[in-house]
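Report on the structure given below.
The values are calculated or read from the model by the stated rules, or taken from the named source; none is laboratory data. Computed from a prediction, not measured in an experiment: that's the story for all the values here. In this analysis, Cβ positions are derived from the backbone assuming ideal geometry, glycine residues included, and neighbour counts consider all displayed protein chains.
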Amino acid sequence: MTQFNVLYITKLKNPVFLILVIFLFFVSCSTQHPYSIQLIDEVNSPSTNFAVSEFRNILKTNKNTEVVENPEIIIRIFLDDKNLKAQEYSITNEDGGTILISGGDKVGVMYGILELSEQLSFGIDLKKLKDQHKSPYIKKRGVKFNIPLDARTPSYDDSGDAAQKNIAEMWEWSFWEKFLDKMAIDRYNTLTLWNPHPFPSMIKMKDYPDVALNDVCVTTLKPIGKENEWAEPQMVSKNVIENLKVVKVMTIDEKIAFWQKVMKHAKDRGIDVYFFTWNVCPNAAANPVEPFYRTYKQPMWKEKPGKYGITNQMDNPITVAYQREAIKTFLLTYPDVKGIGVTAGEHMINKAGKYTREQWIWETYGLGILDAKKEQPNRKVDFIHRVWNSDMYKIMNYWKDYPDNFEVSFKYAKARLYSSPYLSFADAHIQAMKKIGLKSWWNLRNDDIFVYCWGDPDYVRNFIGYFQRDYTAGFYVGSDGYVWGKEFTSKKPELSGELEITKHWFNFMLWGRLSYDNKLDNTFFIKKLKIHFPESNAELLLSSWKAASQIIPQVNCFHWKDWDYQWSVEACLNERTGFQTVTDFMNNPTLEGSNILNSEAYANAKIAGTLKDEITPLQVADSLNNFADMAIEGASKLRNKSNSVELNNLLDDILAMSFLGKYYALKIEAATELSLFKLTKDQIHRENAVSKLNQAVEQWTNYTEVSEKNYRPQMLARTRELDWRLRLDDVKKDVSIAKEIRF
């Protein structure tokens, strides 16, 4: 058993090494004699100190210790910005006796140390360590986090349980410390925090002192899934404000100090912080609006001005002046904010014809940033303008001379991150950017998978590989209908209340690691699974998990719904039309470019004899069944050998996705039989459809039982209840529809 004695030597700001023996630890490896390690950290930054602490933690996992003199391996850590670029690192093994870790900047050095720690965790003999040189495949790798700061300063749509359960958590230091550390380990370097109007909860303004909010509040109202029950998303409604409850007592000064600490910690982990807003939504700075039911027209708020005359109207000059001052104050308050992102939101209603959206954003955000830069001349503020309700040419009329980094943002796969990894979703957007010379951030919206743990490295690797990197500024992955804070639905005491990124650690890791190194193969992820679940067969676990993880993307490709409110694949729901019946599955569009025929198109082509090389609904159903069968078989074998609560919960998730896949396979087959019945009037097709849907009830029942075993139902912000047993009645109604339908 090889054992390591580690001497930690740090170089401070003077050129003389101050040698400190920090710890003596040993770790098992594969050779027959002990040898020691000496660490020489010439960088000594918060980021490298963090990485070295991770290295120490790996060593601590071994209980065999022995003091060994005269170190045989020296690990030297240093900057090399002449030969390496930002975020790059190099690991060189010089004859098994000296290991050099260098980086183009402090972040690159941190990644290099983390890499060595990981290799050590895999049990590698450091004397035989292979040289490595890594640089980021995607330079800016981010998380999209819709952040519910308060009932008075909500995120995009807080009418779901995830937001309400997590408001207080957003003000806990332990949450952000764990979250940011995990981001760094997984090679994310960008955190984007999304809130329509965060400023009342985060700053105090000289000219608007009463806008600042003390304390943290939630609403005592319980969401019931009615559309706009708390007003249009992004807005604060009167019924919410009339039902507030304080969950944390804090002054505005304490709030400011808290977020300054969070942002400093992010910086120390090599993570840039951006704040994204929707507009115009002054929320707590204005009077609350009345809830209303959508008329599918732009809402025209009837409101009284707030205390300072601030309203939700973009043509109000007081609102313009307030917003400009808020941007300036926010940047001066938070020197570690890297940039601002904006949305030309649905509430930018031009009643008087005075402003265009683009002009309003420039006169508030643009001029507010320039005001801050006058007081901080060396300050650089990145700006990201979402291409939403706007146009790049109109945008550039105002931003072409912006002095700092300017980029745009595009919803890459709309709301369906989990659909197809083999399509380029932004071709038209890229063609438009080429003429202007811009790069784009890709907004990767996961509004599909909230409950079940998902894990398919091949999907993520291929998805990222389809980015056109010449036009890619970066990406951020996250949701609009969910807050990825702490989980709140687990029935298992051992798992209840853990961070979502802890529960979904594998998925979170996939997007971060594969965007930094797109060539990481599945052998690497098998090693990670072996460490996380040492009692399991990691190869079988990955193959089973991958199979189950292909189910939801396959369903989305067949039953394509662009936006979050239109489709919850986990609940088979549409916010506005309710449960998606078998007839909805007959004629709903498939994903453009997927070469899949929907049921009616297939029936027409089959009867007409015009089928070519398209993918048929029956082939989609076969694929779903094959994925499910493979996953169920693997999960069954793995279950027999595990006493781990976490692993058994994961195996149940694999089963849940498998039963869901079998349900949708039967529903697709039934929709196809009904489509054939519609054309031929042959009753055998109706009978087949009824039989398939009766079997679908059985699969939904299986799905319900395994889901309820581990999770409580919840209200989703964009698509109503995720309640498997409640939906079972809808599933049964499909049988009646098939029996009674007339064409």
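Would a scan of the stretch 243-262 turn up a residue that is charged (D, E, K, R), modelled with pLDDT of 95 or more, outside any helix (DSSP H, G or I) and out of contact with any helix residue (DSSP H, G or I) (no Cβ under 9 Å at 6 or more places or on another chain)?
Yes: one or more hits.
Out of the stretch 602-625, which residues are closer than 20 Å to Tyr663 by Cα and either small (Gly, Ala, Ser) or free of Cβ contacts under 8 Å to residues at least 12 places away in the same chain (or both)?
Scanning the stretch 602-625 gives Gln619, Ala621, Ser623.
Considering every residue within the stretch 421-429, establish whether at least one is under 26 Å from Glu646 (Cβ atoms), in contact (Cβ under 8 Å) with a residue 40 or more places away in the chain and within 18 Å of the chain's Cα centre (by Cα).
no
Checking the condition out of contact with any Lys or Arg (no Cβ under 9 Å at 6 or more places or on another chain), assigned by TED's automatic domain parsing to the domain that holds Ile449 and free of Cβ contacts under 8 Å to residues at least 40 places away in the same chain, which residue from Lys411, Lys380, Lys354, Lys394 passes? Show your work before the answer.
Numbers: Lys411 fails: out of contact with any Lys or Arg (no Cβ under 9 Å at 6 or more places or on another chain); Lys380 fails: out of contact with any Lys or Arg (no Cβ under 9 Å at 6 or more places or on another chain); Lys394 fails: out of contact with any Lys or Arg (no Cβ under 9 Å at 6 or more places or on another chain).
Going through Lys411, Lys380, Lys354, Lys394 in turn, just one is out of contact with any Lys or Arg (no Cβ under 9 Å at 6 or more places or on another chain), assigned by TED's automatic domain parsing to the domain that holds Ile449 and free of Cβ contacts under 8 Å to residues at least 40 places away in the same chain: Lys354.
Tell me, please, whether a residue that is polar (S, T, N, Q), under 27 Å from Ile224 (Cβ atoms), outside any loop (DSSP other than H, G, I, E, B) and modelled with pLDDT of 95 or more can be found in the stretch 568-576.
Yes; the residues of the stretch 568-576 include at least one that is polar (S, T, N, Q), under 27 Å from Ile224 (Cβ atoms), outside any loop (DSSP other than H, G, I, E, B) and modelled with pLDDT of 95 or more.
Kindly indicate whether Ser642 is in a loop (DSSP other than H, G, I, E, B) and surrounded by 15 or more Cβ atoms within 10 Å (Cβ to Cβ).
Judged against the criteria, Ser642 is a match.
Is the stretch 553-563 home to any residue that is crowded, with 17+ Cβ neighbours inside 10 Å, assigned by TED's automatic domain parsing to the domain that holds Ala635 and among the polar types (S, T, N, Q)?
yes
Could you tell me which of the residues Phe450, Phe410 is surrounded by 17 or more Cβ atoms within 10 Å (Cβ to Cβ) and more than 30 Å from Leu655 (Cβ to Cβ)? Step through it out loud before you land on a result.
Details: Phe450 fails: more than 30 Å from Leu655 (Cβ to Cβ).
Sole residue among the options that is surrounded by 17 or more Cβ atoms within 10 Å (Cβ to Cβ) and more than 30 Å from Leu655 (Cβ to Cβ): Phe410.
Of the residues Glu346, Glu303, which single one is closer than 24 Å to Leu193 by Cβ and either assigned to a loop (DSSP other than H, G, I, E, B) or modelled with pLDDT of 95 or more (or both)?
Sole residue among the options that is closer than 24 Å to Leu193 by Cβ and either assigned to a loop (DSSP other than H, G, I, E, B) or modelled with pLDDT of 95 or more (or both): Glu346.
It is to be established whether one or more residues within the stretch 217-225 are farther than 12 Å from Asp158 by Cβ, modelled with pLDDT of 95 or more and in a loop (DSSP other than H, G, I, E, B).
yes
Looking only at the stretch 475-494, which residues are assigned to a loop (DSSP other than H, G, I, E, B) and of a type in the set (Val, Ile, Thr)?
Val483, Thr489
List the number of the failed condition for Thr61; all other conditions in (1) under 13 Å from Ser36 (Cβ atoms); (2) in contact with a helix residue (DSSP H, G or I) (Cβ under 9 Å, 6 or more places away or on another chain); (3) at pLDDT below 80; (4) not hydrophobic (A, V, I, L, M, F, W, C) hold.
That leaves (1) as the condition not met.
Every residue in the stretch 369-405 that is surrounded by 15 or more Cβ atoms within 10 Å (Cβ to Cβ) and either farther than 23 Å from Thr319 by Cβ or over 29 Å from the mean Cα position of the chain (by Cα) (or both), please.
Residues satisfying the conditions are Leu370, Asp371, Ala372, Lys373, Arg379, Asp382, Val387, Met392, Met396, Tyr398, Tyr402.
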